[in-house]
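Only one structure is covered here, and it is reproduced in the block below.
Since every read-out is calculated from the coordinates, none of them should be taken as a lab result. Since the model is a prediction, treat every value here as computed from it, not as a measurement. Here Cβ is always computed from backbone atoms with ideal geometry, including for glycine, and neighbour counts include all displayed protein chains.
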Amino acid sequence: MLFWIVLAVVLVLALVVLGVVGYGVFGAFGRLGRELEAAEREVRPLLEQAQATAARAQEIGDRS
């Protein structure tokens, strides 16, 4: 009888640990997604400026 009680407690604890780990992993993925979106918002103006500069350089090069 004691064996089944210990087994049940161990299984419940294992499920709790797995739940905590899963919650942490999914939370980390959510934070990573938000960080990537923020980085993209910050880099987009630089990318557009670089593309405009490259287009302007090509335009000047074509005239030469």
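Run the simple label-point estimate for VAL12 and ARG34 please: 7 Å along Cα→C-beta, distance reported in nm.
3.3
For Kirkwood radius over Cα pairs in Å, pick the label among [x] 14.9; [y] 16.7; [z] 12.1 that corresponds to the value derived from the coordinates.
Checked against the structure: label [y].
Pick out, from VAL25, ALA14, GLN49, the residue whose Cα sits farthest towards the positive end of the charge dipole of the chain, with +1 on the Cβ of Lys and Arg and -1 on the Cβ of Asp and Glu.
ALA14
Taking the Cα centre of the stretch 1-63 as origin and charging only Cβ (+1 Lys, Arg; -1 Asp, Glu), how large is the dipole, in debye to the nearest 20? Walk me through the numbers before you get to the answer.
Details: 6 positive and 7 negative charges, 31 e Å.
Magnitude of the dipole: close to 140 debye.
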